[in-house]
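Undergrad: Quick one: the structure is below, questions incoming.
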Amino acid sequence: EFSPALSPRIIFPYFARYGDVLGDPHFDDYYPEGFLSRLSRMGFSALWLAGVLRDLVGSQVLPDFGAGDDERVKRLRSLVSLAGKYGLDVYLYLNEPRGMHADYFEGRSEIKGAAGREGEREFALCSSTPVVQKHLVDSVRRLTEQVPDLGGLILITASENLTNCYSLTRNTSCPRCREREPTEVVAEVVGLIKRGVQEANSAGEVIVWDWSWTIVEDDPQEQLISGLPAAVSLMVDFERGTPIVRGGFEHTVNEYSLSVAGPSPRAVEHLRMGHQRSLRTMAKIQLSTTWECGAMPFIPVLNLLAEKFVALRNHRVEGAMQSWTLGSCPSINTELADLFNWNSTEDPESWLKALAVSRYGEEAAPEVLESWRLFSEAFADYPFSNPIVYSSQVLWGPAHPLYFHESHRRPSLQNSRDSFDWTRPYGPEVTSRLFRQLENRWNAGVTRLQSALKKVTSDRESDVHRDIGVARAFGLHMGSVANQIDFLLARRVFRDGSQEPAERIEALRAMRTIVENERSKAAELLAICMKDSRIGFEAFFQYVYRPQDIREKILSCEYLLQRVIPAEERRLLSR
């Protein structure tokens, strides 16, 4: 009997809400039975959702915890039961012990740990104290007793929230933990949670994720991994830590990525250490999309994805968490993942050909395969950096407005507004050139995919049209990022009063050309979005943009072209 290449394969449901979803009275709406059935048919074996221990179960030693736990646990049990009908396990993602507001520690100084982020007035529940240790063990035990069929727990122990006293910094302010090694404290937290699962006689898996362990120990985290309890699963970020060169700049991928296949040197070492300790090894990857362009339901870089699957097999990865909150939309990417998972063939070209024939037909397959190759080659040069994926307009693309004057809006997540800080380390000129190059090379792939449309049978046309729409939308996003950089560069020259009038007029005319192109891109994106509601949606942000936002962008472009820019040009020429 053939076994799947990866087990478990854990996914976040595409339209489920992230956060305290168990406390949401509309909980059932996020997990419709038809979608659970589809996840199972696509070959996934589990889904995950987030939880907080103090909201789920009471604590024997911290009596203030557990408010509203009955409803949350009831919903969790219901989901576990419903998913089980389709052969799906449910994993709960935890950051524990979760920090508390300063007010909570009045009269509780004996368990007060490290201070959290500046201004938040939070402190850790110190896991070096017997009370907090008992709280962790007992709460996990009670949770797994009340939800006995829970598939397991997924643990992040650094960076996401204030949890243990070393979760945010190696220089802890906790007087107790300061006397201990950071790796010892973190490994102990994992051990306490594992003990709680064991005391409940549960078969639930404890997955320990190496996310941001550089906070605790320099790469690779040999001391931390050697201190983990036996019988836990070690999950590595597969691409994080990969060195790249883009536009002549050396950089390191420090997030999930589809533009690099992996594994990173860090992942290779962590997998080796895990195998050496006989720990079950897993990888954290993304299947459909990443923050490289999270507003897309999928990025059709099938060759890069196939390369990633080959690497997973070569490095003896046993299971995978295949999406964070974004990028789990059913797509040709997830179809390829299923082909890989149930196919013993070592040749990735055979998986790609089988998928192309299955989805588009024998006659169209060669054109489709060529488009995937072009997409993958173009995307492999994506100018990756954390500022770009987290602080730029890449998520908005042509839906993002152009400001003729400085917006004076504060930078925020996914939008640096008037600043070029997000173009680090490449700088605005190089970043623009790289995104423009990506757009042009990508659109060559779109042209090949469009040519395949002439060769598909009528029953396949709808799927092909939607795939072409997603590919076109991605190219529009890449080109729009370049446009917006060039617009701000030209605006800088135009607003500079020390420049000669002729140079300012030249900059103004460059701005007009860019606005015309952005108007065209927005109109094209609007037509695509009106036919595909997946474009612009992401589970964490929900809709980043809707058709109405794109219409407003078009109107703002018209206003700039018809009123603002002509008036400014007349003013300069009249001097």
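Undergrad: In the stretch 286-307, is there at least one residue being under 20 Å from the mean Cα position of the chain (by Cα) and acidic (Asp, Glu)?
TA: There is at least one residue in the stretch 286-307 that is under 20 Å from the mean Cα position of the chain (by Cα) and acidic (Asp, Glu).
Undergrad: For Ala203, which of the numbered conditions (1) of a type in the set (Gly, Ala, Ser); (2) without any contact (Cβ under 8 Å) to a residue 12 or more places away in the chain; (3) out of contact with any strand residue (DSSP E or B) (no Cβ under 9 Å at 6 or more places or on another chain) fails to hold?
TA: Checking Ala203 against (1) of a type in the set (Gly, Ala, Ser); (2) without any contact (Cβ under 8 Å) to a residue 12 or more places away in the chain; (3) out of contact with any strand residue (DSSP E or B) (no Cβ under 9 Å at 6 or more places or on another chain), the one that fails is (3).
Undergrad: Ser257 is checked against (1) more than 25 Å from Phe379 (Cβ to Cβ); (2) buried (at least 18 other Cβ atoms within 10 Å of the Cβ); (3) polar (S, T, N, Q) and fails just one. What number does that condition carry?
TA: (1)
Undergrad: Does any residue of the stretch 229-238 turn out to be open to solvent by 10 Å² or more (accessible area, probe 1.4 Å) and not hydrophobic (A, V, I, L, M, F, W, C)?
TA: yes
Undergrad: Which residue out of Gly19, Gly58 is in a loop (DSSP other than H, G, I, E, B), at pLDDT below 95 and in contact with an Asp or Glu (Cβ under 8 Å, 6 or more places away or on another chain)?
TA: Values: Gly19 fails: in contact with an Asp or Glu (Cβ under 8 Å, 6 or more places away or on another chain).
The conditions single out Gly58.
Undergrad: Here are the criteria: (1) over 28 Å from Gly58 (Cα atoms); (2) open to solvent by 10 Å² or more (accessible area, probe 1.4 Å); (3) in contact with a Lys or Arg (Cβ under 9 Å, 6 or more places away or on another chain). Tell me which single one Asn161 does not satisfy.
TA: The number of the failed condition is (1).
Undergrad: Would a scan of the stretch 433-447 turn up a residue that is without any contact (Cβ under 8 Å) to a residue 40 or more places away in the chain and either buried (at least 17 other Cβ atoms within 10 Å of the Cβ) or outside any helix (DSSP H, G or I) (or both)?
TA: Yes, that holds for at least one residue.
Undergrad: Still on this structure, please answer the following. Looking at the stretch 59-75, which of its residues are open to solvent by less than 40 Å² (accessible area, probe 1.4 Å), of a type in the set (A, V, I, L, M, F, W, C) and either in contact with a Lys or Arg (Cβ under 8 Å, 6 or more places away or on another chain) or closer than 26 Å to Thr129 by Cα (or both)?
TA: Leu62, Phe65
Undergrad: Among the residues of the stretch 346-387, which ones are within 26 Å of Ala523 (Cβ to Cβ) and either open to solvent by less than 10 Å² (accessible area, probe 1.4 Å) or touching a strand residue (DSSP E or B) at 6+ places or on another chain (Cβ under 9 Å) (or both)?
TA: The answer is Ser371, Phe375, Ala378, Phe379, Tyr382.
Undergrad: With respect to Leu39, is the statement that it is open to solvent by 40 Å² or more (accessible area, probe 1.4 Å), over 18 Å from Leu143 (Cβ atoms) and either in contact with an Asp or Glu (Cβ under 7 Å, 6 or more places away or on another chain) or modelled with pLDDT under 95 (or both) true?
TA: Judged against the criteria, Leu39 is not a match.
Undergrad: OK, next. Residue by residue through the stretch 122-160, note down the ones that are at pLDDT 95 or above and in a loop (DSSP other than H, G, I, E, B).
TA: Cys126, Ser127, Ser128, Thr129, Val147, Pro148, Asp149, Leu150, Gly151, Thr157, Ala158
Undergrad: Hey, another quick one. Here is a list: Val470, Val515, Val464, Val481. Which entry is part of a helix (DSSP H, G or I), at pLDDT below 95 and open to solvent by less than 10 Å² (accessible area, probe 1.4 Å)?
TA: Val464
Undergrad: For Leu82, indicate whether it is touching a helix residue (DSSP H, G or I) at 6+ places or on another chain (Cβ under 8 Å) and buried (at least 20 other Cβ atoms within 10 Å of the Cβ).
TA: When the stated conditions are applied, Leu82 does not pass them.
Undergrad: For the stretch 107-131, enumerate the residues that are more than 16 Å from Ser173 (Cβ to Cβ) and β-branched (Val, Ile, Thr).
TA: Result: Val131, single match.
Undergrad: If you don't mind, another one. Of the residues Gly196, Gly191, which is assigned to a helix (DSSP H, G or I) and buried (at least 22 other Cβ atoms within 10 Å of the Cβ)?
TA: On inspection, the qualifying residue turns out to be Gly196.
Undergrad: Checking Gly34 against (1) open to solvent by 40 Å² or more (accessible area, probe 1.4 Å); (2) over 22 Å from Gln542 (Cα atoms); (3) assigned to a helix (DSSP H, G or I), which test does it fail?
TA: (2)
Undergrad: Here is a further query. Would you be able to tell me the number of residues in the stretch 94-152 that are in contact with a Gly (Cβ under 9 Å, 6 or more places away or on another chain), closer than 23 Å to Leu47 by Cα and either surrounded by fewer than 22 Cβ atoms within 10 Å (Cβ to Cβ) or free of Cβ contacts under 8 Å to residues at least 24 places away in the same chain (or both)?
TA: 3
Undergrad: Restricting to the stretch 530-559, give me the number of residues that are open to solvent by 10 Å² or more (accessible area, probe 1.4 Å) and part of a helix (DSSP H, G or I).
TA: Counting residues in the stretch 530-559 that are open to solvent by 10 Å² or more (accessible area, probe 1.4 Å) and part of a helix (DSSP H, G or I) gives 10.
Undergrad: Would you check if Thr183 is surrounded by fewer than 23 Cβ atoms within 10 Å (Cβ to Cβ), under 22 Å from Arg108 (Cβ atoms) and among the hydroxyl-bearing types (Ser, Thr, Tyr)?
TA: On the way: surrounded by fewer than 23 Cβ atoms within 10 Å (Cβ to Cβ): yes; under 22 Å from Arg108 (Cβ atoms): no; among the hydroxyl-bearing types (Ser, Thr, Tyr): yes.
It is false that Thr183 is surrounded by fewer than 23 Cβ atoms within 10 Å (Cβ to Cβ), under 22 Å from Arg108 (Cβ atoms) and among the hydroxyl-bearing types (Ser, Thr, Tyr).
Undergrad: Of everything in the stretch 71-98, what is among the basic types (Lys, Arg) and touching a Leu at 6+ places or on another chain (Cβ under 8 Å)? Give them in sequence order. Please lay out each step first, then the result.
TA: Filtering the stretch 71-98 down to residues among the basic types (Lys, Arg) leaves 72, 74-75, 77, 85, 98.
Correct list: Arg72, Arg75, Lys85, Arg98.
Undergrad: Here's something else I'd like to know. Of everything in the stretch 295-343, what is among the basic types (Lys, Arg) and buried (at least 20 other Cβ atoms within 10 Å of the Cβ)? Give them in sequence order.
TA: Lys308
The values are calculated or read from the model by the stated rules, or taken from the named source; none is laboratory data. Please read these numbers as outputs of a predicted model, since none were measured by experiment. Backbone-built Cβ (ideal geometry, glycine too); neighbour counts: all protein chains shown. Just the protein is used for accessible areas: all its heavy atoms, side chains included, with ligands, DNA and RNA removed. Shrake-Rupley method; radii C 1.70, N 1.55, O 1.52, S 1.80 Å.
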